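The values are calculated or read from the model by the stated rules, or taken from the named source; none is laboratory data. As the structure is a computational prediction, the values presented were derived from the model and not from experiment. For neighbour counting, all protein chains shown are included, and Cβ atoms are generated from backbone atoms with ideal geometry for every residue, glycine included. The accessibility values were calculated without ligands, DNA or RNA, using every heavy atom of the protein model including side chains. Shrake-Rupley method; radii C 1.70, N 1.55, O 1.52, S 1.80 Å.
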Amino acid sequence: MSHDRYSRQQNFGPIGTAGQQELAAKHVLIVGAGALGSGNAEILARSGVGTITIIDRDYVEWSNLQRQSLFCEQDAIDQLPKAVAAANRIKQINADITVHAHVMDCTASDLTSLLDTSKVDLMLDATDNFAIRYIINDAAYQYQIPWIYGACSGSYGVVCNFIPGQSPCLHCVMERMPIGSASCDREGIIAPAVQMVVAMQSAEALKWLSGNRTQMSDRYTVFDLWSNMHQSIRMDKTGKHEACPTCGAQPSYPYLKSEAAMRTEVLCGRSSVWIRYPRQEPLDMNLAASHAMQLQAEVKSNPYLLQIQEGEYRLVIFQDGRALVHGTSDSLEAKKLYHRYLT
Amino acid sequence: MKILCFAHLSEQLGASSMELELGPISVADFMAELKNRYPALLLDHVMIAVNEQFVEQTHVIEPNDTVALLPPVSGG
Ligand SMILES: [Zn+2]
């Protein structure tokens, strides 16, 4: 290892040589190797974080290259899994650190078995849906590992630290899992919004990992780069809810329960996939329908089910969260459609 | 009262911020009033911060307060 490698970072007072040694001994789990995962992984690898584990279920596509900074054209041509392509690039950037890549879904059991078998110091959220974030949130509070929420859409972005024993959790900030939240494939995304979220998330990560924990932000920070607005919101007054199932007095960690996991089943001989996703509360069918209509999908509904037609795909959704996706026999594709309309 | 509209709300409103002669008014009544004046706004699940503080539905917003409307965002 070149002696000089981290000199500029060590010259930054709050990190110094002691902080640099701390970084080298730490293990970060990055959930998602898309835009936020790419950016965070690159910064933390260059910073000398000792071990990086990166999880993703998807593969590299051409539409990723505009903002997902670890990937190149050849990765899209080869359709490499994002976790693998990311790990390849990280190893080129810094051969001194350890990188683990997992091509997987990050279900509750995937995540907990990973946390059971290795010591993780921090989890970085680089996912693209709330279903996974509520799982990460439960795992974080059960295993007492902080996680950093990051999300962006259009020119808008959000970052928030969730630190067990110190901050209210995601449940306390958003009691009900949002339906039809702002996402990239719908509202589009510009790369600077990604980089802004990455900058804030990775700065918070460096603070936590280098032993500067008192400097961690206690705000829910939002920005809009196009309208030049910025808000840094205090969360304390709404506060930690005593009855919260994740961070309250008697936590039950509902999203880690196996029956809460999303399951898919490809129907033999038909291009259809069943999705079972027991929700904590019944689905608001009217709300889901109005969001689907916003997305220009054809929507039909009755009191029992909702039908959404998007091109060759047809989703039939029941109030308990089950859905039948017609027009594909690919469970990943079916899940993407489900998340697009329902989480 | 100053209203800041983030993400798709600014497109639905046609402006990212506006001034309204309102208040004192509870958060719940404010949301109903907003929906009434601007039916195009999709306000479900939108989070409300008053003077950079998350508040409950019963909180009373004063005429000189700044209210931020924050849609949940999932992209990444
Ligand atoms: Zn909580």
Checklist outcome for this item: Picked from the range A:278-301 (must be aliphatic (A, V, I, L, M) and over 23 Å from the mean Cα position of the chain (by Cα)), the residue surrounded by the fewest Cβ atoms within 10 Å (Cβ to Cβ) is A:M293
Checklist entry - closer than 27 Å to A:L283 by Cβ, surrounded by fewer than 23 Cβ atoms within 10 Å (Cβ to Cβ), within 14 Å of chain B (Cβ to nearest Cβ) and in contact (Cβ under 8 Å) with a residue 60 or more places away in the chain - does that describe any residue in the range A:185-196? => result yes
Next on the checklist: Looking at the range A:232-248, can you tell me whether even one residue there is within 16 Å of the ligand (Cβ to nearest atom), among the polar types (S, T, N, Q) and assigned to a loop (DSSP other than H, G, I, E, B)?
Outcome noted: yes
Checklist entry - With respect to the numbered conditions (1) open to solvent by 10 Å² or more (accessible area, probe 1.4 Å); (2) within 16 Å of the ligand (Cβ to nearest atom), which one is the sole condition not fulfilled by A:F162? => result (1)
Next on the checklist: Can you find a residue that is in contact (Cβ under 8 Å) with a residue 40 or more places away in the chain, buried (at least 19 other Cβ atoms within 10 Å of the Cβ) and within 20 Å of A:V158 (Cβ to Cβ) anywhere in the range A:55-64?
Outcome noted: no
Checklist entry - Given the residues A:R279, A:R314, A:R270, which is the only one that is basic (K, R) and part of a strand (DSSP E or B)? => result A:R314
Next on the checklist: If I go through the range A:169-205 residue by residue, how many of them are part of a strand (DSSP E or B) and within 16 Å of the ligand (Cβ to nearest atom)?
Outcome noted: 0
Checklist entry - Quick one: how many residues across the range B:3-30 are assigned to a loop (DSSP other than H, G, I, E, B) and touching a residue at least 60 places away in the same chain (Cβ under 8 Å)? => result 2
Checklist entry - Just one of the numbered conditions (1) within 12 Å of chain A (Cβ to nearest Cβ); (2) at pLDDT 95 or above; (3) part of a helix (DSSP H, G or I) is not true of B:E33; which one? => result (1)
Next on the checklist: I need the full set of residues from the range A:156-176 which are farther than 13 Å from A:C247 by Cα and at pLDDT 95 or above, in order please.
Outcome noted: A:Y156, A:G157, A:V158, A:V159, A:C160, A:N161
